[in-house]
1. Find all pairs meeting these conditions: Cβ atoms under 8 angstrom apart; at least six residues apart or on different chains; first residue within segment 213-237 and under 21 Å from D41 (Cβ atoms); second residue assigned to a helix (DSSP H, G or I) and open to solvent by 60 Å² or more (accessible area, probe 1.4 Å).
2. Report every pair of residues separated by at least 6 positions or lying on different chains whose Cβ atoms are under 7 Å apart, first residue within segment 55-74 and part of a loop (DSSP other than H, G, I, E, B), second crowded, with 17+ Cβ neighbours inside 10 Å and of a type in the set (D, E).
3. Any residue at all in segment 211-234 that's within 20 Å of E21 (Cα to Cα) and in contact with a Ser or Thr (Cβ under 7 Å, 6 or more places away or on another chain)?
4. Among the candidates A131, A108, single out the residue that is free of Cβ contacts under 8 Å to residues at least 24 places away in the same chain and not in a helix (DSSP H, G or I).
5. Spot the failing condition for T114; the list is (1) crowded, with 22+ Cβ neighbours inside 10 Å; (2) outside any strand (DSSP E or B); (3) among the β-branched types (V, I, T), and only one is missed.
6. Tell me which residues, restricted to segment 126-185, are modelled with pLDDT under 95 and among the polar types (S, T, N, Q).
7. In this structure, is W210 free of Cβ contacts under 8 Å to residues at least 60 places away in the same chain and at negative phi?
8. Name the one entry in D55, D64, D59, D26 that is charged (D, E, K, R), at pLDDT 95 or above and open to solvent by 30 Å² or more (accessible area, probe 1.4 Å).
Amino acid sequence: LLVPATLAFAAAPSTYYDSAEGQTEDNLRYALQSIIDGHTDVGYNGLYNVYSTSDVRADGKLWDMYSTCNWTWGDKCGSYSAVCDCYNREHSVPQSWFGEASPMVSDAFHIYPTDGKVNGQRSNYQFGECANGVNLGGNALGKLGQSTFPGYTSLTVFEPADEYKGDFARSYFYMATRYADVCGNWGNAFNAVASNSGLSKYSLALFLKWHRADPVTPIEITRDEAVYAKQHNRNPFIDYP
């Protein structure tokens with residue numbers, strides 16, 4: 001039996017991706033880069049304004065992929081000592097990897113509102129999988145521990161909650177495409193040895209696994225549209241999973 005299914009994806013302007021049509025491999029990657037580069041830099045403080053439309057739940061609270069805390073827009077850090085004290089801006093690609101340079105440091109497609117305490121736990125560790133990682137308990141999501149994913153064992157990684165792994169994977173695909181000409185110097189997940197991707201073999205395998213296991217959700221579609229309204233570029237991996 002064939003069961004038809006309808007998937008609702010983000011709606012890019014009809015001609016937005018025209019120059020990428022028919023391209024493959026590195027030509028496709030760089031064609032996509034030419035479409036999504038030169039975006040409007042909202043600035044680091046401007047990210048909070050983006051969050052007011054990009055990360056709002058149906059109840060008016062903010063989405064947080066690192067906790068189940070109930071944030072209002074004004075609950076920004078400040079200082080924190082425990083989970084649910086406040087939220088701040090999490091660079092899913094740590095800013096230390098690219099020297100806090102612009103426009104990466106304020107690119108909303110990889111920077112999310114997250115619990116300050118869990119953000120601190122993640123630090124600048126690579127994303128990964130860790131069977132016996134440490135979770136901060138209570139409202140905290142994710143865990144920190146020794147990698148158990150092939151190709152990166154014996155090193156410390158942060159594993160996000162299953163329901164958000166695809167979101168982070170598509171953030172990394174975006175970053176490896178938007179910054180295709182420079183991300184090879186960032187190290188860690190980048191420094192590509194996997195052709196046409198901008199990502200290491202380990203990272204490509206990990207993020208493809210997460211991308212397939214956690215498909216695009218309406219949350220991401222809403223976020224794609226909201227960021228597009230402010231930055232004037234899109235995430236191709238949300239538009240065309």
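1. A226/T53; A229/T53; K230/N49; K230/T53; R234/Y228
2. As it stands, the answer is W63/D55; D64/D115; M65/D167; Y66/E90; Y66/D115; C69/D115, since those pairs meet every condition given.
3. no
4. Every option except A131 fails the conditions.
5. Condition not satisfied by T114: (2).
6. Selection gives N132, T153, S154, N185.
7. Considered against the rule, which asks whether it is free of Cβ contacts under 8 Å to residues at least 60 places away in the same chain and at negative phi, W210 comes out as yes.
8. So the residue among D55, D64, D59, D26 that is charged (D, E, K, R), at pLDDT 95 or above and open to solvent by 30 Å² or more (accessible area, probe 1.4 Å) is D59.
The values are calculated or read from the model by the stated rules, or taken from the named source; none is laboratory data. This structure is a prediction, so every number in the text was calculated from the model and none was measured. Reconstructed Cβ throughout: ideal geometry from the backbone, glycine too, with neighbour counts over all protein chains shown. With ligands, DNA and RNA removed, areas are computed over all heavy atoms of the protein, side chains included. Shrake-Rupley method; radii C 1.70, N 1.55, O 1.52, S 1.80 Å.
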